[in-house]
Amino acid sequence: MSANLSDRENQDSSPQSRVERQMQGMGKRARAAARHMAAAEPGAKNAALFAIAEALISSRSSILAANARDMREGRDELDTALLERLELNDKRLEQMAEGLRQVAALPDPVGGITDLNYRPSGIQVGRMRVPLGVIGIIYESRPNVTADAAALCLKSGNAAILRGGSEATHSNQAIAACISRGLTDAGLPADAVQVVETTDRAAVGALLDMPEYVDVIVPRGGKGLIEFVSDNARMPVIKHLDGVCHVYIDDHADIDKAIAIAVNAKTQRYGTCNTMETLLVADSIAERVLKPLSQDLRQAGVELRGCQRTRKLLGSGVKPASDADWAEEYLAPVLAIRIVDDMDQAIDHIETWGSHHTDAIVTESVTRARAFMRAVDSSSVMVNASTRFADGFEYGLGAEIGISTDKLHARGPVGLEGLTSLKYVVFGDGHVR
């Protein structure tokens, strides 16, 4: 018997057990904090946001020192793009603080009652917007996400458990200290936003296995992370896997508009999920569009891969595109181009190879534009605008927790309203049924 007891004690003291207990403790504290946050007044939440912003600026030296340590430790393991995302400086800290102030200035969605109407029985029925509860967020590289996620969860009346990447652990903990201070100064529970301290990967698995404490998970990072979270989470996930975004240039397009939109959609920034990865062009307009457009793209250093018709039109400088190219999210200066017969074929291509993230049409035909918007099943569909506008800030949400390509609950950029739900409320005056 003593041997069995000893075995259990050894199991309980294993690193994985310790991490699981740590995460369970965070979950319990987050659930308790969520009840306070759901009832928090807008003034208290806004005061916390301003206090966190002030703490970020006043703690500038310690945050930048922590970030410098992360940068030193990551220099031998991280590529240039990841290091660029990881780095903080004075300007980025100011942007983080300003982001918090902007969220504070947004209308508070919690407690609003809509659709209130009388029923024949005399009762009034409406719907009230309420927080989701506890939100778990798993993300990589960018320490600014720690502040952004905290701000959106706080303002929407939720509690949050944040698990950043191990490459940013010192930066995230320095930012977490500012968040805790701001919550406390505003009289809100410090446990409303908790940042996981351990870099043990078992913490992610434990977080995904706590449906009794965590109501929804939001992964932000590469496809591998998002697939892992989607496959293993025991609670709903707000996510998108790929950003295979298209621009279709219709035969009713304005040529100058089409070229400007396509260049911007591809080259304004390469490593984002709303960057165009495939260009579709109607056959009857292809020569007038693709010849000048290809020159602009090549000048920008973009490698072109095309279908047979594209290569015949533009020459051998265009590499042949395969099926793999149509499905690829390059996140790099590479563009796949296909000449299509008409809009129907463009829509078929998008449905076959797209990721339901963001797709655009360039056309002067209102009829074509409306048909495209109805037929393309993506979280954002644009007319005569660059796909790079698919962003919470650009949509007037203030900021976003991520982008969802799911069809239930939140879809597209997820801001404050996407972090809330609706419940029915009923008003009576002694009514009985």
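Among the residues of region 230-255 satisfying the criterion of being of a type in the set (Val, Ile, Thr) and out of contact with any Lys or Arg (no Cβ under 7 Å at 6 or more places or on another chain), which is nearest to Ala324 (Cα to Cα)?
Among those that are of a type in the set (Val, Ile, Thr) and out of contact with any Lys or Arg (no Cβ under 7 Å at 6 or more places or on another chain), it is Val244.
In region 158-213, how many are of a type in the set (Ser, Thr, Tyr) and touching a strand residue (DSSP E or B) at 6+ places or on another chain (Cβ under 8 Å)?
Counting residues in region 158-213 that are of a type in the set (Ser, Thr, Tyr) and touching a strand residue (DSSP E or B) at 6+ places or on another chain (Cβ under 8 Å) gives 2.
Check region 200-214 and report whether any residue there is of a type in the set (Ser, Thr, Tyr) and either surrounded by fewer than 19 Cβ atoms within 10 Å (Cβ to Cβ) or in contact with an Asp or Glu (Cβ under 9 Å, 6 or more places away or on another chain) (or both).
No, there is no match, as no residue in region 200-214 is of a type in the set (Ser, Thr, Tyr) and either surrounded by fewer than 19 Cβ atoms within 10 Å (Cβ to Cβ) or in contact with an Asp or Glu (Cβ under 9 Å, 6 or more places away or on another chain) (or both).
Please pick out the residue among Asp429, Asp377, Asp406 that is touching a Lys or Arg at 6+ places or on another chain (Cβ under 9 Å), open to solvent by 30 Å² or more (accessible area, probe 1.4 Å) and either more than 30 Å from Ile285 (Cβ to Cβ) or among the basic types (Lys, Arg) (or both).
Checking each option against the conditions leaves just Asp406.
Scan region 409-426 for residues that are open to solvent by 40 Å² or more (accessible area, probe 1.4 Å), under 30 Å from Asn264 (Cα atoms) and touching a Gly at 6+ places or on another chain (Cβ under 9 Å) and jot them down.
Once the filter is applied, which keeps residues that are open to solvent by 40 Å² or more (accessible area, probe 1.4 Å), under 30 Å from Asn264 (Cα atoms) and touching a Gly at 6+ places or on another chain (Cβ under 9 Å), region 409-426 yields only Arg411.
Taking into account only those residues within region 182-192 that are surrounded by fewer than 19 Cβ atoms within 10 Å (Cβ to Cβ) and part of a helix (DSSP H, G or I), which is nearest to the chain's Cα centre (by Cα)?
Residue satisfying both the conditions and the ranking: Ala190.
Of everything in region 12-58, what is open to solvent by 70 Å² or more (accessible area, probe 1.4 Å), part of a helix (DSSP H, G or I) and free of Cβ contacts under 8 Å to residues at least 24 places away in the same chain? Give them in sequence order.
Hits for region 12-58 are Asp12, Arg18, Arg21, Arg35, Ser58.
Every residue in region 352-365 that is open to solvent by less than 70 Å² (accessible area, probe 1.4 Å) and assigned to a loop (DSSP other than H, G, I, E, B), please.
Gly354, Ser355, His356, His357, Thr363, Ser365
Take the conditions modelled with pLDDT of 95 or more and either open to solvent by 40 Å² or more (accessible area, probe 1.4 Å) or not in a strand (DSSP E or B) (or both) and apply them to Gly122. Does it pass?
Answer is yes for this residue.
Does Gly111 qualify as being open to solvent by 30 Å² or more (accessible area, probe 1.4 Å), part of a loop (DSSP other than H, G, I, E, B) and either of a type in the set (A, V, I, L, M) or on the phi > 0 side of the Ramachandran plot (or both)?
Yes, satisfied.
Inspect all residues belonging to region 68-87 and state whether any of them is part of a helix (DSSP H, G or I), among the hydrophobic types (A, V, I, L, M, F, W, C) and over 23 Å from the mean Cα position of the chain (by Cα).
yes
Mind checking which residues of region 197-235 are closer than 18 Å to Gly164 by Cβ, outside any loop (DSSP other than H, G, I, E, B) and among the small types (Gly, Ala, Ser)?
Ala202, Ala203, Gly205, Ala206, Gly224 - these are the residues of region 197-235 that are closer than 18 Å to Gly164 by Cβ, outside any loop (DSSP other than H, G, I, E, B) and among the small types (Gly, Ala, Ser).
Of the conditions (1) open to solvent by 70 Å² or more (accessible area, probe 1.4 Å); (2) in contact with a Pro (Cβ under 9 Å, 6 or more places away or on another chain), Leu297 satisfies every one except a single condition; which number is it?
In the conditions (1) open to solvent by 70 Å² or more (accessible area, probe 1.4 Å); (2) in contact with a Pro (Cβ under 9 Å, 6 or more places away or on another chain), Leu297 misses (1) alone.
Just to verify a result, which residue in region 366-391, among those that are assigned to a loop (DSSP other than H, G, I, E, B) and among the polar types (S, T, N, Q), is nearest to His349 (Cα to Cα)?
Filtering first and then ranking leaves Ser378.
Mind listing whichever residues of region 248-293 are open to solvent by 30 Å² or more (accessible area, probe 1.4 Å) and in contact with a Pro (Cβ under 9 Å, 6 or more places away or on another chain)?
Ile255, Thr267, Tyr270
With respect to the numbered conditions (1) crowded, with 23+ Cβ neighbours inside 10 Å; (2) without any contact (Cβ under 8 Å) to a residue 40 or more places away in the chain, which one is the sole condition not fulfilled by Cys245?
(2)
Please determine, by comparing only the residues of region 126-181 that are within 14 Å of the chain's Cα centre (by Cα) and among the charged types (D, E, K, R), which one is surrounded by the fewest Cβ atoms within 10 Å (Cβ to Cβ).
If we take residues in region 126-181 being within 14 Å of the chain's Cα centre (by Cα) and among the charged types (D, E, K, R), then Glu140 is surrounded by the fewest Cβ atoms within 10 Å (Cβ to Cβ).
From the set of residues in region 325-346 that are under 25 Å from the mean Cα position of the chain (by Cα) and among the hydrophobic types (A, V, I, L, M, F, W, C), which is farthest from Gly301 (Cα to Cα)?
Filtering first and then ranking leaves Ala327.
The values are calculated or read from the model by the stated rules, or taken from the named source; none is laboratory data. Everything numeric in this text was worked out from a predicted model, so none of it was measured. Methodologically, a virtual Cβ is constructed for each residue, glycine included, from the backbone with ideal geometry; neighbour enumeration extends over all protein chains shown. Heads up: the accessible areas ignore ligands, DNA and RNA and are worked out on the full protein's heavy atoms, side chains in. Shrake-Rupley method; radii C 1.70, N 1.55, O 1.52, S 1.80 Å.
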